[in-house]
Amino acid sequence: MMRFSTFSLAVTALLYCVGSAPARAHDHDHMMQMQAAEPLSGASVYNLASPWTDQDGEIVELKSLRGKPVVAAMAYTSCKDICPLIVTNMVAIEKAAGRKNLTGIRFAFFSLDPAVDTPARLKAYAEERGLDTADWSLYHGDDKAVRDLAAALGVRFRRDDKGGIDHSAAISLLDEKGEIVFQKLDTKVDADEFVAKIEALTKR
């Protein structure tokens, strides 16, 4: 009788532990949603109201990204030097996050070239680069939207005399409220360092 009672308790404890894991994941998602619903601070990029259009032609505001960590950069598809490095670094961050089993991260590519980077061009670029749009969004905005976001992210840019765009190599990590919590202004990015910052956000 004692052996049966001990076994029963063990089974009950095991079922409790197995059942509690999804609940903790659900609680974390619920907490992130509650944080996203809180008022934005003056430091939030999501205060910018200029509309953007994603690669699928959907018109959205920046605040549509609320509620999850976002790895964001500004670049353009016809760039042959710095922009491919920026995207390569973002992909490296994505892969490093995958090795840590981190999910719910959004990767956002904002074009600096509204005239060329139409939503259709951005969609084709995502396919060319193998960017999974389940996790990636590529955005087209007008000149004002581009200028406003560049100022908020600290990205300096200007047209050169060859039709290209000189700009900062910035990759920013935004928290669930759109505040910059980490940023690299360099083409050399340590993906594991970036992922450590993302992991810290998920534990807040």
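Altogether, the Stokes-Einstein calculation at 10 °C and 1.306 mPa s, with the Kirkwood radius of segment 105-194 over Cα pairs as Rh, returns a diffusion coefficient of 110 µm²/s. Whole-Hz Karplus values for segment 103-108 come out as 10, x, 9, 10, 10, 10 Hz, taken residue by residue from phi with 6.51 cos²θ - 1.76 cosθ + 1.60 and θ = phi - 60°; glycine and proline positions read x. Look at the alpha carbon pairs under 8 Å that are at least 6 residues apart: their mean separation over the length of segment 71-175 gives a relative contact order of 36 percent.
No lab work stands behind these numbers, since they all come straight from the coordinates. A quick note: this is a predicted structure, and the numbers were derived from the prediction, not measured.
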